[in-house]
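Here the structure is laid out as structure tokens; the discussion comes afterwards.
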């Protein structure tokens, strides 16, 4: 351990001259976990076991590192769907996509509902004048999709996104407290509106209809909804159905 000043020790611990960025992230997450556990204990709330707390720190540090660095190109495993597939009868598939502009921190979301025949049965797009970051905008897209599907009376919803980090956070939501926790809580509450709900990862190729849908709104046209397919995107729907039949 380096020699730490009594006044500046907290800052000195994460000084780039003393530790790497990864180590700093782990230290900060560990301190945050200890502080939250201390507050829960003081207020009489149940606290996580030590093993769970340590795992939470590791997961949070990894998530922060992933968010702060451009993702590397990942090799797709054979189990990852590389073309759009129709849902089973009785289910509705909801593809969601988000676009984030880092320069002015604006964003947009696109949502498309499709039935077991591959036909579009509703779509929406929203413009956001203020957004935290790309991951937060992806979470907002999922939330918008769930709200839209609930409004259309969907009972069994299969949601697809091409954001792997978001899917990982959703699958391990009990073990993490990330910067998008507010959106994750909204998603968890909305998921209870459906008889069945599933969120899974797909490639960008499978999500291209929602991707194009998100481009149809702007600052001057912030919200748009369609009963069936968004205008001009019918060719993508037909192409997806042809590939699904193939």
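The values are calculated or read from the model by the stated rules, or taken from the named source; none is laboratory data. Note that this is a predicted model, so its numbers are computed, not measured. No Cβ is skipped: glycine too gets one built from the backbone with ideal geometry, and neighbour counts run over all protein chains shown.
What the table shows:
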quantity: Criterion violated by residue 147 - all others in (1) within 30 Å of residue 34 (Cα to Cα); (2) surrounded by fewer than 20 Cβ atoms within 10 Å (Cβ to Cβ) satisfied; calculated: (1)
quantity: Which numbered condition residue 200 misses (of (1) exposed (fewer than 15 other Cβ atoms within 10 Å of the Cβ); (2) under 28 Å from residue 52 (Cβ atoms); (3) out of contact with any strand residue (DSSP E or B) (no Cβ under 7 Å at 6 or more places or on another chain)); calculated: (3)
quantity: Inter-residue pairs, beta-carbon under 7 Å, first within 22 Å of residue 65 (Cβ to Cβ) and in region 22-48, second assigned to a loop (DSSP other than H, G, I, E, B), 6+ apart; calculated: 24/14; 27/14; 28/14
quantity: Candidate set: region 150-182, residues that are over 14 Å from the mean Cα position of the chain (by Cα) and modelled with pLDDT under 85; chosen: the one surrounded by the most Cβ atoms within 10 Å (Cβ to Cβ); calculated: 175
quantity: All positions within region 212-232 that are free of Cβ contacts under 8 Å to residues at least 60 places away in the same chain and either within 14 Å of residue 107 (Cβ to Cβ) or not assigned by TED's automatic domain parsing to the domain that holds residue 162 (or both); calculated: none
quantity: Among residues of region 203-225, those that are surrounded by fewer than 18 Cβ atoms within 10 Å (Cβ to Cβ), in contact with a strand residue (DSSP E or B) (Cβ under 8 Å, 6 or more places away or on another chain) and either modelled with pLDDT of 95 or more or farther than 18 Å from residue 161 by Cβ (or both), counted; calculated: 7
quantity: Elements of type helices (runs of 4 or more DSSP H) in region 1-68, at least 1 residues being closer than 25 Å to residue 134 by Cα; calculated: 21-42, 50-68
quantity: Qualifying residue in region 160-170 (condition: without any contact (Cβ under 8 Å) to a residue 12 or more places away in the chain, assigned to a helix (DSSP H, G or I) and either closer than 26 Å to residue 90 by Cβ or in the same structural domain as residue 30 (by TED's automatic domain parsing) (or both)); calculated: no
quantity: Residue count for region 140-171, restricted to those that are closer than 20 Å to residue 222 by Cβ and touching a strand residue (DSSP E or B) at 6+ places or on another chain (Cβ under 8 Å); calculated: 7
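So that you can scan it fast, the table gives a plain yes or no per residue for (1) surrounded by 11 or more Cβ atoms within 10 Å (Cβ to Cβ); (2) at pLDDT below 80; (3) in the same structural domain as residue 102 (by TED's automatic domain parsing):
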position	(1), (2), (3)
1	no, yes, no
15	yes, no, no
20	no, no, no
40	yes, no, no
44	no, no, no
59	yes, yes, no
